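Presented below is the structure to which this report refers.
The values are calculated or read from the model by the stated rules, or taken from the named source; none is laboratory data. Owing to the predicted nature of the structure, the values given are computational and were not obtained by experimental measurement. Every residue, glycine among them, receives a Cβ derived from its backbone with ideal geometry; neighbour counts consider all protein chains shown. Calculation scope for accessible area: heavy atoms of the full protein, side chains included, ligands and nucleic acids excluded. Shrake-Rupley method; radii C 1.70, N 1.55, O 1.52, S 1.80 Å.
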Amino acid sequence: PGCSRYSSLSEATTIQLELNELSRLSNNSSYKVRGDGALESILLNLPANHLPRIYVDVNTGHTTGMLTLGARGDSYYEYLLKQFIQTQDKRLFEEYLGAMESIKVNLLKSSADKLTYVAEMDNEAKISDKMDHLVCFLPGNLALGTLYGAPDWHLHLAEDLIRTCMAMYHTRTGLAPEIVKFDPKFGLFISKSDEFSLLRPETAESLFILWRVTKKTRYRNWSWDLFSAMERNARDPDKGYSSITDVNSEQPTRRDSMESFFLAETLKYLYLINLPDDVLPLTHYVFNTEAHPKQWYQRRVRGKREVVRLY
């Protein structure tokens, strides 16, 4: 950062898959070494609960700010697991398991309408009953981890959380808002300032992985519900697809903007869920946080292992 000594947690820890790949392709280990160094400085300064905060002091590696799996924090947890899949560094898997256990103890909540959600926590340990749509990457990550030795409760939790993510789509447009909150008496609700939709990919991603892992047809069916809602409310026949301003409007206003992740991720996952499993199989590829598939360097699924040189 130019004028601040702080970087966001997700920025510092969402480069490693890519730098590992660059080292493999270029036969030059220096890229991997740099990426590993950024992550290592954070791992060395983790609190006892394995959960770093969202701002990282670039000089010390200490973290501060909110504790969240939403904006600025999400992909740290995503890449702990995916780096393990890519490199078979067991320490990363152990750190991932420790983080998931701590999330279950400290942040996992149940709403008045019987929805399981992941809350946030500030520096004073005060809980905020809100959940970004960004957190909907977590069901897919939890399900993916069970292919590599994560305990069964990870899959059970994944299936509970995806129901919450789908509840976000129970709006007049069938599209999810950016953020939902949970009232102690009434459960899930949407604040006026959060009712816009950017057509984010996290729920589509989790539905894709859950389909591949469980083969439960409801995940394919739910993905079609998402796509159909986008076709009805976000598609402009002349310009593509647009973010919308109000998911609960009968006639939503389009923002005249389409995020790059909509093509790179949202549509890609909604397409892949309808293809055979041998198209980009989870036994040979890991998807980075922008849904770009990368081949593994060391493959291990249910005890079978094939080693591929990293560089």
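If one takes the longest principal axis of the Cα atoms in the chain, at what angle in degrees, from 0 to 90 and to the nearest 10, does the Cα axis of helix 202-214 lie?
The angle comes out near 70 degrees.
Could you give the accessible area per residue of segment 1-132, probe 1.4 Å, as a whole number in Å²? Please report the intermediate quantities before stating the final value.
Values: 5860 Å² over 132 residues.
Value for segment 1-132: 44 Å² per residue.
Would you calculate the separation in nanometres between label points at Arg172 and Asp129, each defined as 7 Å from the Cα along the Cα-to-beta-carbon direction?
2.5
Among Trp211, Trp222, Trp296, whose mean-square fluctuation peaks in a Gaussian network model of the chain (Cα, cutoff 10 Å)?
Its mean-square fluctuation being the largest, the pick is Trp222.
Once you place label points 7 Å from the Cα toward the Cβ at Asn106 and Lys90, how far apart are they in nm?
For Asn106 paired with Lys90, the spin-label model returns 2.6 nm.
For helix 152-167, report the angle its Cα long axis makes with the longest principal axis of the Cα atoms of the chain; keep it between 0 and 90° and round to the nearest 10°.
Rounded to the nearest ten degrees, it is 30.
Asp152 to His284: FRET efficiency via 1/(1 + (r/R0)^6), r the Cβ-Cβ distance, R0 25 Å, to the nearest 0.05? Kindly include the intermediate steps, with their values, before the conclusion.
Values: r = 24 Å, r/R0 = 0.97.
So, using R0 = 25 Å, E works out to roughly 0.55.
Just to be sure I understand, if you calculate mean projected area of the Cα convex hull in nm² for this structure, which of (1) 19.8; (2) 16.9; (3) 15.6 do you get?
(2)
Using a 1.4 Å probe over the heavy atoms of the protein chains, calculate the carbon and sulfur portion of the accessible area of the chain as a whole percent.
On the way: 7100 of 14210 Å².
In the chain, the share of accessible area belonging to carbon and sulfur is 50 percent.
Can you give the accessible area per residue of segment 143-271, in Å², using a 1.4 Å probe?
On a per-residue basis, segment 143-271 sits at 46 Å².
Give a quick list of GluC sites (Glu not before Pro) in segment 12-82 that DSSP marks as loop, anything other than H, G, I, E or B, with at most 14 other Cβ atoms within 10 Å.
Details: sites: Glu18, Glu21, Glu40, Glu78; in loops: none.
Filter output for segment 12-82: empty list.
Specify the residue with the greatest mean-square fluctuation among Gly61, Gly187, Gly240, computed from a Gaussian network of the chain linking alpha-carbon atoms under 10 Å apart.
Gly240
How many Lys pairs in segment 19-121 lie less than 30 angstrom apart by Cα atoms, where the lysines are 8 or more positions apart or on different chains? Display every interim value, and only then the final one.
Details: Lys32/Lys82; Lys32/Lys90; Lys82/Lys90; Lys82/Lys104; Lys82/Lys109; Lys90/Lys104; Lys90/Lys109; Lys104/Lys114.
For segment 19-121, the number of qualifying lysine pairs is 8.
Helix 30-43 against the longest principal axis of the chain: what's the angle in degrees, Cα atoms only, rounded to the nearest 10?
Around 70 degrees separate the two axes.
Only helical DSSP H runs with n ≥ 4 go in: add -39500 (n - 2.57) per run for the chain, normalise by residue count and round the 222 nm mean residue ellipticity to 500 deg cm²/dmol.
-12000 deg cm²/dmol, from helical runs alone.
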